[in-house]
Amino acid sequence: MGMTIIITGAMVAIACGFLGCFLILRRLAMVGDAISHAVLPGIVVAYLISGTKDSVWMLLGAAAFGLLCTFLIQILSQQGVQHDAAISVTFTFLFAVGVILVSLYTRQVHLDLDHVLYGEIAYVPFNTWTLFGWEAGPRAMWIVGAALFLSLVVVGLLYKEFKVVAFDPQMAAALGIPVLLIHYLLMGLVSVTTVASFESVGAILVVAMLIVPGATAYLLTDKLEWMLAISALVGILSSIFGYWISLWLDASIAGSMTVAAGLLFVCAFLFSPLHGVVTRWIVRRSMRLAAIKGGEG
Amino acid sequence: MPSIETILRFLSDPNTLWVLSGTMLLGLSSGVIGAFAFLRKRSLMGDVLAHAALPGICIAFMLTGAKSPIFFLIGAILSGVLASIAINVITRFSRIKEDTALGLILSVFFGFGIVLLTQIQHQGSGNQSGLDKFLFGQSASLVGEDVWVMGSVAVLLLVVTFLFFKEFKLLCFDAGFGRSLGFPMTALDLFLMLLLVVAVVIGLQAAGVVLVVALIVTPAAAARYWTERLDIMLILSAILGGLSGALGTGLSTMGYNLPTGPLIVVAASFIFFISMVFAPQRGLLAKALRLARVRRETAQESILHMLYEARERGAGPVTVRDVATRFTLSSWRLQQAVRNLVKKGWIRIESRGEDRVLTATENGWQAAYNSVLHARLTEVWMMHENEVGGAIRDPDSGALREEIPEDILPTLWKLLILHGREPQWKPSLVQKPEQGGVEG
C-alpha cells in the first residue's frame, strides 16, 4: 500500500517536474501556479455537462480553462496591465467562478471542494479500476500515467522546438518556429497534468511539484536533458522521503512530499557543485588562500 | 431587482450588517495597501504571503492553543517576513529567477503548513475549525469581535499610509532617487511588505487564501485605469475595494446560498472589467475612439497634401482614384474623408467620366498650405533635432506637439530652403504669414 502511494507520488512529481523545467526556463512559474487554480471551473463545467466523474471530460474541461487563463493573461498584458497583476486578476477571477459553481451545484454534483483542492493521496490505493474483470490497479496512477505519457509524446516529438523556445523565443521566432503554438501547447499540457494530479496531491501542492524539482535541477546542471532527468530523480526522492516523513510525523502525505522537495532544494541551493552557495564559498576561499600563498612564495 | 423592502430588511439584520461592514473594511484596507503593491510590481507577493501565512498561523495555534486573531496575526507576520527573506536570499545567491522563487516559497511554505495542519488535526485538539476557515474563508461567520479587529487594523493601515505617503510614493516611483536623498529605502520596502502581510492576514478569515489575493490586486489594477495620480489612485482603489465588498455581500444575501468571498472577487473583477473598457483616458473604448479620430484626420490630411503637392508641381487634376492608389486607405475611410472635407467646404467634387475630380476651395487651399507647411517644418526639425533643439517633442510621451514654437521658426525656415522643401506655391488667401517674413 505504501508502495502504491510512493509510486503515484513519484509519477505526479515526474509529470509535473518535467513540464516545470520548461516553465522555469521561460520564467512562467507563476503562470503555472495560476493555471493550477484556474482549471477549477473547467472541472465543474465538464462535470455538469458530462454528468460523470469521467476523467477524460475533466481533462478536456481543465485544458480548455487552462488555455483560457493563459489567453486572458496574454490579452491583459497586451492591454498594458502589468504582467504580475494580469496573472493575479485572471486566476483569482476564474478560481472564484469555480468556487461559486461548486457551491451552486454542490447538491447535484457531489464535488467536494476540499477533495479537489487538497486531494488525499492516502486514498489512492483504495480507488481502483477494474477493467473487464481485470484488476487494473489504482485509478489515479493510470490517469497521472496517461498525462505523463501525453507530455512525453508531445514534447518528445517537438523536442527541438520546445528547447529553442525555452531558451531563446526570439531566435525561435526567427527560425520560423511557431512560438505561440508551442506556448499554448505547453500550457495545455500543464493544465491537463495539473488536473490529472489533483486527485492525488491537490491543486496547490501540484504547484510545488511543478516548480520545486525543476528549480532544484536548474541549480545542478546547465543542460536541458540533464535538467529533465534530475527533476525526475528529485521527484522520486521527494516522494520516498515525503512518505517516510509523513509516517514519522503522522501528517499529510502530500504536504510532507512538498516539504521533502523543499529540503532537497535547500541541499542543492547550498551544496550544488556548480552553483551552490557553500561550494562557491569554499572555491573562493581556496582560491584566495592559493593567491596569498602565491604572493608569499 | 430587489425591492426597497428587501434592502431594508437586509440592512436591519444585525448579523448581515456585521458581515457587510467587515467585508467593506477589508476591501478598503486591502485596496490601499494593494495599490502600493501593484505599483511596486509586487502583486504576486500577496499570493505568496497569503499561502506562507498558513504555517505561521498553525504554529501560533500550537504554541498558544487558542484561536486568537492577534496571535494568528503575529504568527502570519513572522512567517511572511521569513518567506520574503527566503525569496530575497534565493534570487540573490543563486541563478533562480524571481518568479520561480515566488512559486517555490509559496508552495513549500504552504506544504509545510498543511503538514502542521494535519498534525493539529491528528492531535485531536478539536478546536481547529478556525484554522479550516483559513483555506476558504467564511465571511458569513464574521462576528462583532472580528469586525472590530478588521476595523482597527483598517484604520491603522490608513493612518500609516497617510503618514508615510511621501516616502511610499518615492519608493514606488523612484527608489534610486529616494536612496540618494538619504531615505532608508530597504527599510521602507520591508515596512510596506509588513503592511501587506497585515492586510493579507485580516483578509484570510473573510475571503480565504486565494481570494484575498484578488482583494489586493484587482481594485488597484482597476483604479489605475482612471487616474495618473497616486493620491487619487489610492482613494479610488480603497473605494472600489469597499464597493466590491459591499456588492459581493449584497449578492450573497440574495439567496441561492452562495459564498461571500468568491462573490466579492467576481464583483471586483467586474469593476476591473468596466474600468478597463470605459475609463476615460486609458480605457479600451477611449483608446479605440482616439485611434479612429487620428485615422480620420490623417486620411483628410493625406488628401489635402496630395492636392497641394499636385498644384505645387503644376500637375493635372487629382481624382479619387489617384488618392486610392497613392495611400493605403480602405475605400470606406476614403469616402468618409472626402465627405468630411466637402462638408467643411474645403474641397469640391466634379464628376468626370466614371472618376471624380477633387479640387480645393479657397479655404481648402489655405488649410492644405498650412498643413503641408507644418508637416515639412516638423520633418526638417526631426532631421536636425539635435542642432535646432526646441521642445516640439513632449518630454513624457515622446509624441510631437501640435504647435511649433515661435523661437525656432526662423532656423527651421532656413533649413527648409536648404533642403529645397519650402512650399513653392502660396494661396492668395493666406493672411498671416507664419514664417514671420524670413522667407526670401
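The values are calculated or read from the model by the stated rules, or taken from the named source; none is laboratory data. Treat the numbers as computed from the prediction; the structure is a model and nothing was measured. Note that each Cβ is placed from the backbone with ideal geometry, even for glycine, and that neighbours are counted across all protein chains shown. Accessible surface is based on the protein model in full, side chains and every heavy atom, while ligands, DNA and RNA are left aside. Shrake-Rupley method; radii C 1.70, N 1.55, O 1.52, S 1.80 Å.
Considering only segment B:191-227, how many residues are assigned to a loop (DSSP other than H, G, I, E, B) and either open to solvent by less than 10 Å² (accessible area, probe 1.4 Å) or away from every other protein chain (no Cβ under 13 Å) (or both)? Don't jump to the end; show me each part of the working.
So in segment B:191-227, the residues assigned to a loop (DSSP other than H, G, I, E, B) come out as B:208-210, B:225-227.
Filter once more, keeping what is either open to solvent by less than 10 Å² (accessible area, probe 1.4 Å) or away from every other protein chain (no Cβ under 13 Å) (or both): B:208-210, B:226-227.
Counting residues in segment B:191-227 that are assigned to a loop (DSSP other than H, G, I, E, B) and either open to solvent by less than 10 Å² (accessible area, probe 1.4 Å) or away from every other protein chain (no Cβ under 13 Å) (or both) gives 5.
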Checking A:Ala215 against (1) within 14 Å of chain B (Cβ to nearest Cβ); (2) open to solvent by 10 Å² or more (accessible area, probe 1.4 Å); (3) touching a Ser or Thr at 6+ places or on another chain (Cβ under 7 Å); (4) touching a residue at least 24 places away in the same chain (Cβ under 8 Å), only one condition comes out false. Which one?
(2)
Filter segment B:377-419 for residues that are outside any helix (DSSP H, G or I), open to solvent by less than 40 Å² (accessible area, probe 1.4 Å) and either within 17 Å of B:Glu301 (Cβ to Cβ) or at pLDDT 75 or above (or both) and give the result.
B:His384, B:Ile404
Of (1) surrounded by fewer than 19 Cβ atoms within 10 Å (Cβ to Cβ); (2) farther than 26 Å from A:Gly145 by Cβ, A:Gly51 satisfies every one except (2)
Being open to solvent by less than 10 Å² (accessible area, probe 1.4 Å), more than 14 Å from chain B (Cβ to nearest Cβ) and either without any contact (Cβ under 8 Å) to a residue 24 or more places away in the chain or in a helix (DSSP H, G or I) (or both) narrows A:Ile35, A:Ile43, A:Ile7 down to just A:Ile43
Output for Cβ contacts, cut-off 7 Å, separation at least six or different chains, first residue assigned to a helix (DSSP H, G or I) in segment B:356-376, second among the small types (Gly, Ala, Ser), reads B:Asn363/B:Gly345; B:Ala368/B:Ala360
Filter result (out of contact with any helix residue (DSSP H, G or I) (no Cβ under 6 Å at 6 or more places or on another chain) and away from chain A (no Cβ under 12 Å)) within segment B:241-277:
B:Leu243, B:Gly250, B:Met254, B:Ile274
Could you tell me which of the residues A:Gly262, A:Gly276 is farther than 26 Å from B:His51 by Cβ, in contact (Cβ under 8 Å) with a residue 12 or more places away in the chain and open to solvent by less than 40 Å² (accessible area, probe 1.4 Å)?
A:Gly276
Within segment A:172-183, is there a residue that is within 19 Å of the chain's Cα centre (by Cα), assigned to a helix (DSSP H, G or I) and at pLDDT 90 or above?
yes
Hey, can you tell me all the residues within segment A:264-290 that are within 13 Å of chain B (Cβ to nearest Cβ), among the polar types (S, T, N, Q) and not in a loop (DSSP other than H, G, I, E, B)?
A:Thr279
Can you go through B:Gly56, B:Gly22, B:Gly31 and tell me which one is in contact with a helix residue (DSSP H, G or I) (Cβ under 8 Å, 6 or more places away or on another chain), modelled with pLDDT of 90 or more and away from chain A (no Cβ under 14 Å)?
B:Gly56
Here are the criteria: (1) within 17 Å of A:Ser238 (Cβ to Cβ); (2) more than 9 Å from chain B (Cβ to nearest Cβ). Tell me which single one A:Ala261 does not satisfy.
(2)
Sole residue being open to solvent by 60 Å² or more (accessible area, probe 1.4 Å), away from chain B (no Cβ under 14 Å) and hydrophobic (A, V, I, L, M, F, W, C), chosen from A:Trp248, A:Trp244, A:Trp226
A:Trp226
